[in-house]
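Peer 1: Input: one structure, supplied below.
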Amino acid sequence: MIRAAALLALALGGCTAAAQGERAGPRPTLVSLNPCTDAILAEVADPQQILAISHYSQREGASSMDLRTARRFRAVGDSVEEVIALQPDVVVAGTFMPPATRAAFNRLGMRTELVGIASTVEDSKAQVRALAALAGHPERGEALVRRIDAALARSAAHGGRVPAVVWQSGGIVAGEGTLISRLLDHAGFENQAASRGMRQADLMPLERMLADPPRVIFTAGSDGAQEDRMLRHPGLNGLKHTLRAPLDGSLLYCGGPTIPRALDRLAQVRATL
């Protein structure tokens with residue numbers, strides 16, 4: 001009798017596990033067409049789930065993730081045909097995807113998930129959780145959120161804020177309403193471009209920078225780019241009370257795993273002042 005009861009319990013347990021596995025179903029295959037979602041999915045999805053990432057992530061200067069990691073995945077361009085050939089369950093893209101492209105995927109039974117630009121840390125955390133849930137690994141999303149929270153805790157600045165500008169190739173600034181501006185504020189800097197009412201991709205001429213320099217200029221550019229001559233202009237050498245600190249351009253546009261790296265760099269510079 002006891003043996004029969006034990007066998008019944010094992011059988012029921014097996015049925016329950018099978019039912020739970022059936023309910024969970026196979027995790028979806030994914031194609032990501034956005035460098036920001038590329039970086040998040042690389043952390044929260046299984047490698048075999050990711051059929052391809054965007055070609056931007058395999059280009060130096062355009063990627064928001066480690067190039068060695070990015071080059072482990074297949075890359076696709078922006079053509080519908082390339083994506084269709086892979087037959088993913090879900091296409092993850094930015095909100096700028098043309099409606100006709102999205103309609104084409106939907107007609108072929110491919111689900112599309114559009115992810116906007118995160119302008120706050122909380123927005124980014126929500127995106128991490130959503131993409132981790134989509135991939136079937138919510139626990140990995142929570143692990144990444146904990147890393148972001150840990151970076152926020154260790155980079156929080158006390159005391160007055162230091163005037164700073166993030167100056168990019170050609171004199172472009174990261175103005176108000178951007179994630180990097182909020183990270184600057186958290187790390188103890190005052191984004192001088194934002195305080196002047198400048199927005200993302202506005203231009204700050206060299207003359208204006210020389211006339212009213214901040215305490216720190218975060219230079220985000222490429223040494224080989226012609227337009228970056230402005231960031232290395234000899235006139236900047238006369239700013240005796242201004243620190244020029246390189247900032248990797250890959251830290252400016254995306255959230256998720258980019259946030260801890262950006263905060264650690266900002267905190268490192270703040271600690272030197």
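Peer 1: Condition (residue is modelled with pLDDT of 95 or more and within 21 Å of residue 268 (Cα to Cα)) applied to the stretch 217-230: is it met by at least one residue?
Peer 2: Scanning the stretch 217-230, I find at least one residue that is modelled with pLDDT of 95 or more and within 21 Å of residue 268 (Cα to Cα), so the answer is yes.
Peer 1: On to the next question. What are the pairs, 6+ residues apart or on separate chains, where a residue within the stretch 68-85 that is outside any loop (DSSP other than H, G, I, E, B) has its Cβ under 8 Å from a residue that is open to solvent by 50 Å² or more (accessible area, probe 1.4 Å) and acidic (Asp, Glu)?
Peer 2: If the second residue must be open to solvent by 50 Å² or more (accessible area, probe 1.4 Å) and acidic (Asp, Glu), the pairs left are 76/82.
Peer 1: Based on this model, can you work out whether residue 119 counts as part of a loop (DSSP other than H, G, I, E, B), closer than 22 Å to residue 132 by Cα, at pLDDT below 90 and not charged (D, E, K, R)?
Peer 2: no
Peer 1: How many of the residues making up the stretch 53-67 are in contact (Cβ under 8 Å) with a residue 40 or more places away in the chain and in contact with an Asp or Glu (Cβ under 9 Å, 6 or more places away or on another chain)?
Peer 2: Total meeting the criteria: 3.
Peer 1: Evaluate the following for residue 19: is it open to solvent by less than 50 Å² (accessible area, probe 1.4 Å), farther than 15 Å from residue 113 by Cβ and at pLDDT 95 or above?
Peer 2: no
Peer 1: On the basis of being touching a helix residue (DSSP H, G or I) at 6+ places or on another chain (Cβ under 7 Å), of a type in the set (Asp, Glu) and open to solvent by 50 Å² or more (accessible area, probe 1.4 Å), does residue 176 make the cut?
Peer 2: So residue 176 passes the test.
Peer 1: The conditions are (1) free of Cβ contacts under 8 Å to residues at least 40 places away in the same chain; (2) more than 22 Å from the chain's Cα centre (by Cα), and residue 228 fails exactly one of them. Which is it?
Peer 2: In the conditions (1) free of Cβ contacts under 8 Å to residues at least 40 places away in the same chain; (2) more than 22 Å from the chain's Cα centre (by Cα), residue 228 misses (1) alone.
Peer 1: Step by step: first the residues of the stretch 253-270, then only those that are open to solvent by 70 Å² or more (accessible area, probe 1.4 Å) and at pLDDT 95 or above, then the one that is nearest to the chain's Cα centre (by Cα). Which residue is that?
Peer 2: Taking the candidates together, the pick is 261.
Peer 1: If I ask for residues that are in contact with a Pro (Cβ under 9 Å, 6 or more places away or on another chain), open to solvent by 20 Å² or more (accessible area, probe 1.4 Å) and part of a strand (DSSP E or B), which ones from the stretch 86-116 would you list?
Peer 2: 111
Peer 1: Looking only at the stretch 231-252, filter to residues that are under 24 Å from the mean Cα position of the chain (by Cα) and more than 16 Å from residue 272 (Cβ to Cβ); which one of those is surrounded by the fewest Cβ atoms within 10 Å (Cβ to Cβ)?
Peer 2: The residue in question is 248.
Peer 1: Count, please, the residues in the stretch 30-43 that happen to be in a helix (DSSP H, G or I) and closer than 27 Å to residue 103 by Cα.
Peer 2: Within the stretch 30-43, residues that are in a helix (DSSP H, G or I) and closer than 27 Å to residue 103 by Cα number 8.
Peer 1: Taking residue 205, is it modelled with pLDDT of 90 or more and more than 26 Å from residue 116 (Cα to Cα)?
Peer 2: When the stated conditions are applied, residue 205 passes them.
Okay, residues lined up against (1) of a type in the set (Asp, Glu); (2) at pLDDT below 95; (3) over 15 Å from the mean Cα position of the chain (by Cα):
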site: 83; (1), (2), (3): no, no, yes
site: 90; (1), (2), (3): no, no, yes
site: 93; (1), (2), (3): no, no, no
site: 96; (1), (2), (3): no, yes, yes
site: 108; (1), (2), (3): no, yes, yes
site: 113; (1), (2), (3): yes, no, yes
site: 125; (1), (2), (3): no, no, no
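Peer 1: Quick one: is residue 182 buried (at least 16 other Cβ atoms within 10 Å of the Cβ) and either at pLDDT 95 or above or part of a strand (DSSP E or B) (or both)?
Peer 2: yes
Peer 1: Sort out for me the helices (runs of 4 or more DSSP H) sitting completely within the stretch 191-273 that have 2 or more residues that are among the basic types (Lys, Arg).
Peer 2: 258-272
Peer 1: In addition: Would you say residue 273 is open to solvent by 50 Å² or more (accessible area, probe 1.4 Å), farther than 18 Å from residue 170 by Cβ, touching a strand residue (DSSP E or B) at 6+ places or on another chain (Cβ under 7 Å) and touching a residue at least 60 places away in the same chain (Cβ under 8 Å)?
Peer 2: yes
The values are calculated or read from the model by the stated rules, or taken from the named source; none is laboratory data. Small disclaimer: the values here were computed from a predicted structure and weren't measured. Positions of Cβ are generated from backbone atoms using ideal geometry, with glycine treated the same way; all protein chains shown enter the neighbour counts. To get the accessible areas, we keep the full protein, side chains included, count just its heavy atoms, and leave off ligands, DNA and RNA. Shrake-Rupley method; radii C 1.70, N 1.55, O 1.52, S 1.80 Å.
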